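Student: To start, I am sharing the structure in question, which I have written as structure tokens.
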Amino acid sequence: MIRSIGIVGGGVAGWMAALALVRALPHVRIDLIETEGPDWSLGPFGPAEASLPDFPFWLADHGVDESALLRAARGSFSLGTAFSGWAGAEADWFLPFGTIGAPLGTTAFHQLAARIRAAGHDLRLADFSLAAIVAASGRFVRPSEDPRSILSSFGYGLHFDRAGLADTLRAASGITPIGSFRAFADDAVALQDGSQVTADLWLDCSGPAALLAGTTGWESWVQWLPCDRAVENWNPAEGVPPPYSHAGAFEAGWQRTVPLVGGQGGTLLYASQHLPEQPGAIPIAQGRRTQAWTGKVIALGATATLIEPLHGWNLALLQNALARLLTLLPATPNGPEPAEYNRLTAEEADRVRDFAILHYKTNGRAGEPLWDSARAMPVPETLRHKLDLYQSRGRIPLYDEELFEADDWIAVLDGQGIRPRRHDALADAIPEPAILQHAERIRALILDAVRAMPHHGATLRAEGMIA
């Protein structure tokens, strides 16, 4: 029986864990112990965070008012991520939240697109994504819950300042920290005031420092993800923030930008082998813990998995880890629950790893050592199988614990310029005029919907987020 759970780390990961536990386990004592230094609980990736579309639902389920959070955290809405320089030095594309196109009968839209391209027509998948067109237009409205409406075909994430998010989660949890961390030994935490705290279970939310979990048992991904330095930055900016984050590749790495009200939170991620050491650079070791749950300690956030934040997945990994933990509690001593938790956590992390590697492996930057090497590198077999099947006939196999849908994988591959050698034979059974008419109908519905939407700034003003 678990009667007490201790959390070490008061950043976003710690307070998110505290809120989830307080709401799900009202009869368990929850203690949170603060740690010194910046909040790197999701990694040293800048003062701003971006979420995937599931996070607004998590907030609602945990009693957090979305608009109030955005006001407190200088927040804005997100419809996806804009990528520049990955498919080539001058190329750009968009990874949207939501579906792209619509099937015709049982034939997927990207297979219809491949058939039309083979007939000599030029077509971009992103032109048939409502989220992508809305983002490019600088507009925003929340999706419709009516499945018959095209406004139900997209989702939205959030951008926010990490400190504001942590403060909001802390207030919602109702917990007061019991002290500051000094040391951990014999399953007990010593506090700075000299007292000692014990718990039946410990959650390590201290980030890469891994104050409870330690630094052993780490699986490195350096052979696939070459960026080993991060530089956090903040750039003041006036005006309405765009409803998307940005990942811009350059010769030695890439720059992340998350737009907030009043400025942009950013991170420069680079490979030290290809760029001289930059001021303020923080060493990072991308990878995951081989066992996230060991004994009485469970690693969460960047303590469990440290991976560059290309598309808002770090909050999602934490969110899913907490749900997984609560599903497996109460755990029996030496029982099967930790092993199952570790299996599921590792599988999910590895699928996100593959999704990140995909951007490097399929890059179109020629004549630059970092990117030439990434294009030539062998990749994990799970990713190799996906690439082989897609390049052969446009199909994406999904494994257990996938965070991203087939549409997301297809959007990246298409944006990177990867085209299947063949399309689905079912697409050949549909007359070309019918496919073109179908595409034109979708495009018209999207443009009509976009024209009727308010601008992102108008939505932010209506909810009191900007003056």
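Coordinate-derived values only; no laboratory data. Predicted model only: the values in this text are computed from it and were never measured. All Cβ positions, even for glycine, are placed from backbone atoms using ideal geometry, and neighbour counts span all protein chains on display.
Student: Rank-order 421-433, 28-40 by packing density, defined as the average count of other C-beta atoms within 10 Å over each peptide's residues, highest first. Working shown, then result.
Tutor: On the way: 421-433: 14.2, 28-40: 19.0.
Ranking the peptides 421-433, 28-40 by packing returns 28-40, 421-433.
Student: Let a ≥ b ≥ c be the square roots of the eigenvalues of the Cα gyration tensor of region 186-243; is it rounded (a/c under 1.5), or, if not, prolate (a/b larger than b/c) or oblate? Walk me through the intermediate numbers first.
Tutor: On the way: a/c = 3.14, a/b = 1.56, b/c = 2.01.
Oblate, because a/c is 1.5 or more while a/b does not exceed b/c.
Student: How long is the gain from Ala102 to Ile2 if the chain were fully straight, where each residue apart is worth 0.36 nm and the alpha carbon distance is subtracted?
Tutor: On the way: separation 100, 0.36 × 100 = 36.00 nm, distance 4.82 nm.
That works out to 31.2 nm of additional length.
Student: Can you give the extra length, in nm with one decimal, that the chain gains between Asp372 and His27 once fully stretched, where that is 0.36 nm per residue apart less the Cα-Cα distance? Show your work: numbers first, answer last.
Tutor: Numbers: separation 345, 0.36 × 345 = 124.20 nm, distance 5.55 nm.
Result for the pair: 118.6 nm of gain on full extension.
Student: Using per-residue counts of other Cβ atoms within 10 Å, averaged over each peptide, order 145-155, 353-363 from highest down.
Tutor: Details: 145-155: 14.9, 353-363: 21.4.
Answer by packing, highest mean first, reads 353-363, 145-155.
Student: Could you tell me which of rounded, prolate or oblate describes region 16-75, using a ≥ b ≥ c as the square roots of the eigenvalues of the alpha-carbon gyration tensor, with rounded for a/c under 1.5 and, failing that, prolate when a/b is larger than b/c and oblate otherwise? Intermediate values should be presented prior to the final figure.
Tutor: Values: a/c = 2.04, a/b = 1.12, b/c = 1.83.
In terms of gyration-tensor shape, oblate.
Student: For region 331-379, what are Rg and Dmax over the alpha carbons, in angstrom?
Tutor: 17.5, 56
Student: Take the alpha-carbon centre of region 276-292, take the same for region 2-46, and report the distance between them in whole Å.
Tutor: Value for the Cα centre distance between the two parts: 22 Å.
Student: Now for a different question. Roughly what would the spin-label model give for Ala60 and Asp167, points 7 Å off Cα along C-beta, in nm?
Tutor: 2.6
Student: Students often get this wrong, so try it: which of (i) 76, 50, 46; (ii) 110, 46, 42; (iii) 62, 54, 43 is Cα extents along the principal axes in Å as calculated from the structure shown?
Tutor: Here the calculated entry is (i).
Student: For region 96-183, taking Cα atoms only, what is the radius of gyration to one decimal and the Dmax to the nearest whole Å?
Tutor: When restricted to Cα atoms, region 96-183 yields Rg and Dmax of 21.2, 67 Å.
Student: Take the alpha carbon gyration tensor of region 214-321, find the square roots of its eigenvalues, order them as a ≥ b ≥ c, and report rounded if a/c is under 1.5; if not, report prolate when a/b exceeds b/c, else oblate. Don't jump to the answer; show the numbers that get you there.
Tutor: Values: a/c = 2.44, a/b = 1.42, b/c = 1.71.
Taking the square roots of the gyration eigenvalues as a ≥ b ≥ c, region 214-321 is oblate.
Student: Another one. What order, most packed first, do the peptides 368-374, 8-14 have when packing is the mean number of other Cβ atoms within 10 Å of each residue?
Tutor: Values: 368-374: 17.7, 8-14: 28.1.
Descending mean neighbour count gives 8-14, 368-374.
Student: How far apart, in nm, are the 7 Å Cα→Cβ label points at Gln278 and Glu90?
Tutor: Going by the 7 Å Cα→Cβ label model, 2.5 nm.
Student: Could you work out how far the C-alpha centroid of region 81-137 sits from that of region 379-447, in angstrom?
Tutor: 9
Student: Taking one equal scatterer on every alpha-carbon of region 48-151, how large is log10 of I(q)/I(0) by Debye at q = 0.11, 0.14, 0.19, 0.23 1/Å?
Tutor: -0.47, -0.73, -1.13, -1.36
Student: Once every DSSP H run of n ≥ 4 in the chain is given -39500 (n - 2.57) and the sum is divided by its residues, what mean residue ellipticity at 222 nm do you get, rounded to the nearest 500 deg cm²/dmol? Mind showing how you got there, number by number?
Tutor: Details: 14 runs with 160 residues, N = 467.
Result for the chain: -10500 deg cm²/dmol, rounded to the nearest 500.
Student: Taking only C-alpha pairs under 8 Å that are 6+ residues apart, what is the relative contact order of the chain in percent?
Tutor: Once divided by the residue count of the chain, the mean separation gives 23 percent.
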